[in-house]
Amino acid sequence: MTGAGIPGGIMIIGDSPTYNEDDTMTLFSGAVGNWLYRELLKVGVDMNKCYLTKAIKCYSPNKPTRATIKGGCRQLLIEEVRTVKPQYILVLGATALDVMINKTSITKLHGQMFEWEGAKVIPTFHPSAVINQPKNAWEFRSDINYFSRMCEGNWEPPDDFKWCIVDDEAKLACMLNDIHSSYMISYDIETTGLIDKIKTGKLLMIGIATPDMCYLIAWEVKYATFDSSRIVKILNVLLGKSHIKKVAQNAKFDNRWLRSRGVDPYVDFDTYLAAYLVNVVVPHGLKYMAKTYLGAADYNDGIVFKENLSQEEFEAMAKYCCLDVYYTLRLEPILRTELIKG
């Protein structure tokens, strides 16, 4: 009841076989299977070249019990994955996710990549849940598109992403000129902790994006070029009330940190709050929205949030912060349009 071979390193795990699948020993057959085949093919995943399996191995007209899931089914799945050694796994539905990692909240976890048994895993809705509830179709198609890009190794930043670390007077002048001539900017900070660490933690850097460029200013790290008092003066001019519209993701967090350092920012549009108003039940994190709306790659691998960053770690975080402000700025018109639609 599995696919023949795994040439693409891809495993697809469904929930449990139907009576016909169990009888014919053919997985993902029938109308639902055909629908899934067509949807995956649209994003470049050919099920004929994938290893297909089910989390529950035998047909039953009844819902699987907790003992069944925690016992033989989970162990069989682990053994199967260890034997096949896939690089990538697509998990379909809450039951399959439950068997795999003892979690059933597919509405919260769908589209979020994690690693399990040496493979990169992305869970999504079961095809029948999408067919029966079309409201899930948008998230499902985003998830499988994300999965396809991951399998292809397509993790490069977008072609128009440009960024720089502002580490001399010439770059600072260029940044100020660009921002003052822009109609809208976004900003984001990186810190060593959450709100409870404002007094004891470090505000490592701040990223600011215009439509043309993303800028990074190092702050409370050894790589900072400008002293803190000068950074505060610059940011109070750039982020205060002015003709320039300011966008941020979950601005409450950033603004509390910034105010603790003497900066009084003014935000015109919060992508986190806008996304919540658009659809309260889907995730509102920046990475998820960037992926869903803009086809972003997973760009936070290897980022460490600590005070004593190495040069390599600092540069990786600087690029990460710039990608945050890049996507935040590009989400604003999309979410604004969604809000207007109501």
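The values are calculated or read from the model by the stated rules, or taken from the named source; none is laboratory data. Quantities reported herein were computed from a predicted structural model and do not represent experimental measurements. Ideal geometry is used to build each Cβ from the backbone, glycine not excepted, and the neighbour counts take in all protein chains shown.
Within the stretch 304-333, the set of residues being among the aliphatic types (A, V, I, L, M) and part of a helix (DSSP H, G or I) comprises A316, M317, A318, L323, V325, L329, L331. Within the stretch 277-301, residues that are farther than 18 Å from V43 by Cα sit with their Cβ atoms under 6 Å from residues that are modelled with pLDDT of 85 or more and small (G, A, S), at 6+ positions apart or across chains, in these pairs: H284/A275; M289/A275. Restricting attention to the stretch 287-299, the residues being within 11 Å of R330 (Cβ to Cβ) and in a helix (DSSP H, G or I) number 4. Of these, G93, G30, which one is at positive phi and modelled with pLDDT of 90 or more? Testing whether each residue is at positive phi and modelled with pLDDT of 90 or more leaves just G93. Looking at D188, D227, just one residue is among the charged types (D, E, K, R) and surrounded by 22 or more Cβ atoms within 10 Å (Cβ to Cβ), and that residue is D188. Among the numbered conditions (1) in a helix (DSSP H, G or I); (2) in contact (Cβ under 8 Å) with a residue 24 or more places away in the chain, the only one that I208 does not meet is (1). The number of residues in the stretch 274-304 being at pLDDT 85 or above and surrounded by fewer than 17 Cβ atoms within 10 Å (Cβ to Cβ) comes to 3.
Would you point out the residue of the stretch 75-99, among those that are outside any helix (DSSP H, G or I) and of a type outside the set (S, T, N, Q), that is surrounded by the fewest Cβ atoms within 10 Å (Cβ to Cβ)?
So the residue we want is K85.
Of the listed requirements (1) in contact (Cβ under 8 Å) with a residue 12 or more places away in the chain; (2) in contact with a helix residue (DSSP H, G or I) (Cβ under 9 Å, 6 or more places away or on another chain); (3) of a type in the set (V, I, T), I231 misses just one: (2).
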